[in-house]
Amino acid sequence: MAEHSLIQRYNDVLLAELPIQLAEEVADGLAEANARYARQGMSCDDAAQAAVAEFGEARAVVAGLTRVSPAQWTARRLIATGPVVGGCWVVALIAGRAWEWPVPSIARALVGAVLITSVIVLLTAAVARRYRVAQRAGVAGCAGLALIDASAITMVATTAPTMGWLALLATCASMLRLVFVTRAVRPVLARGA
Amino acid sequence: MHAEQLKGHLDALLLATLEGEPRHGYAVMEALRESTGGRLDLPTGTIYPALHRLEAAGLITGSWSVVSGRRRRCYALTAAGERALSGRRADWRDFAAVISAALEGKAWPSTA
């Protein structure tokens, strides 16, 4: 049976905004609602209208699913833990007089730029109401933080004259975050279909 | 009853509808409607985020099947979900008894 144009439009929004599996799940429910109203004796138009009204705005459903998406979950945790990891590095770098290390200015500027960009995209992922925006921003933020952590660990290992316990602590914090990002980004990418 | 009044109780209601048999999203909504005599005024679309949140928390588990040519995701309670539901039921009984006692001006039964 061909779908009513109202149902089709609703499903089109879901398909445009959500990964295919999520769109299919909600579309199945909408088809069930439509069939239920038709069984109650409503006309095709009335049944479709009642089903769409029962589900609520398609964009509200998308926003609800975005709030519980792996991308938003990951972004919120990275934002919450970011100051702790960052604080460890600030203390370690000040204690190790990092401004005296032979690190090229361009490398310092690049790390700073990647850090700021990562924070901005993670904030975007954390508050996005659109699933794909949260997903793309979440992946970009994860990649940026992984790059920052890997760079910081490499810099301390290769450039620092001595490895104090503060630098060791900061390195451990970054390694923990790298493990978290690696594990968290998999479900984010898995929903990308 | 409006969605606002359900805040904090939706998860327990969803877990309760999945007790005994797995259901898909819309069947969960129908079961809720049936068990409450149609008094829940909740947009059905809000069920899906809640189900996904419960799945991420490990309280329910989802599986795919094909019905009438459509892919369908059904959810079932996990062991952790069953424990969570028992806990929520006990909490609710305590909460309802305390509030009822206060609103109706009866003394809360002492357990001492």
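Might you let me know whether the range B:17-32 holds any residue that is more than 9 Å from chain A (Cβ to nearest Cβ), more than 20 Å from A:Gly56 (Cβ to Cβ), at pLDDT below 95 and part of a helix (DSSP H, G or I)?
The answer is no; no qualifying residue exists.
On the given criteria, is A:Glu32 at the interface with chain B (Cβ under 10 Å from one of its Cβ atoms), closer than 30 Å to A:Thr182 by Cα and part of a helix (DSSP H, G or I)?
No; evaluated as a whole, the condition is false for this residue.
Can you pull out every residue in the range B:61-82 that is more than 13 Å from chain A (Cβ to nearest Cβ), surrounded by 13 or more Cβ atoms within 10 Å (Cβ to Cβ) and either without any contact (Cβ under 8 Å) to a residue 60 or more places away in the chain or under 26 Å from A:Asn34 (Cα atoms) (or both)?
Of all residues in the range B:61-82, those more than 13 Å from chain A (Cβ to nearest Cβ) come to B:61, B:76-82.
With surrounded by 13 or more Cβ atoms within 10 Å (Cβ to Cβ) added as a condition, the list becomes B:61, B:76-78, B:80-82.
B:Thr61, B:Ala76, B:Thr78, B:Ala80, listed by residue number.
Pick from the range A:60-84 the residues that are β-branched (Val, Ile, Thr) and more than 24 Å from B:Thr44 (Cα to Cα): which of them is surrounded by the most Cβ atoms within 10 Å (Cβ to Cβ)?
Of all residues in the range A:60-84, those β-branched (Val, Ile, Thr) come to A:61-62, A:66, A:68, A:74, A:79, A:81, A:84.
Restricting the remaining residues to those that are more than 24 Å from B:Thr44 (Cα to Cα) gives A:74, A:79, A:81, A:84.
Working: A:Thr74: 25, A:Ile79: 16, A:Thr81: 14, A:Val84: 10.
Here the answer is A:Thr74.
Of all the residues that make up the range B:35-56, how many are within 10 Å of chain A (Cβ to nearest Cβ) and either in a loop (DSSP other than H, G, I, E, B) or among the aromatic types (Phe, Trp, Tyr) (or both)?
Of the residues in that region, 3 qualify.
Pick from B:Tyr48, B:Tyr26: which is touching a Gly at 6+ places or on another chain (Cβ under 8 Å) and more than 17 Å from A:Val68 (Cβ to Cβ)?
Working: B:Tyr48 fails: more than 17 Å from A:Val68 (Cβ to Cβ).
Sole residue among the options that is touching a Gly at 6+ places or on another chain (Cβ under 8 Å) and more than 17 Å from A:Val68 (Cβ to Cβ): B:Tyr26.
I'd like to know if the range A:60-81 contains one or more residues that are of a type outside the set (Gly, Ala, Ser), more than 13 Å from chain B (Cβ to nearest Cβ), assigned to a loop (DSSP other than H, G, I, E, B) and free of Cβ contacts under 8 Å to residues at least 12 places away in the same chain. Show your work before the answer.
Step one: of the range A:60-81, the residues of a type outside the set (Gly, Ala, Ser) are A:61-62, A:65-68, A:70, A:72-74, A:76-79, A:81.
Next cut, more than 13 Å from chain B (Cβ to nearest Cβ) only: A:78-79, A:81.
So of that shortlist, the ones also assigned to a loop (DSSP other than H, G, I, E, B) come out as none.
Looking through the range A:60-81, none of the residues is of a type outside the set (Gly, Ala, Ser), more than 13 Å from chain B (Cβ to nearest Cβ), assigned to a loop (DSSP other than H, G, I, E, B) and free of Cβ contacts under 8 Å to residues at least 12 places away in the same chain.
I'd like the full set of residues that are buried (at least 18 other Cβ atoms within 10 Å of the Cβ) and either touching an Asp or Glu at 6+ places or on another chain (Cβ under 6 Å) or farther than 13 Å from A:Thr171 by Cα (or both), limited to the range A:141-156.
A:Gly141, A:Cys142, A:Gly144, A:Leu145 - these are the residues of the range A:141-156 that are buried (at least 18 other Cβ atoms within 10 Å of the Cβ) and either touching an Asp or Glu at 6+ places or on another chain (Cβ under 6 Å) or farther than 13 Å from A:Thr171 by Cα (or both).
Take the residues in the range B:57-71 that are in a loop (DSSP other than H, G, I, E, B) and over 17 Å from B:Val28 (Cβ atoms), then tell me which one is modelled with the highest pLDDT.
We begin by selecting, within the range B:57-71, every residue in a loop (DSSP other than H, G, I, E, B); these are B:57-59, B:68-69.
Checking the rest, the ones that are also over 17 Å from B:Val28 (Cβ atoms) come to B:58, B:68-69.
On the way: B:Gly58: 96, B:Ser68: 84, B:Gly69: 87.
By that ranking, first place goes to B:Gly58.
The values are calculated or read from the model by the stated rules, or taken from the named source; none is laboratory data. In this text the structure is predicted, and so the values were computed from the model without any measurement. Glycine also receives a Cβ, built like all others from the backbone with ideal geometry; neighbour counts cover every protein chain displayed.
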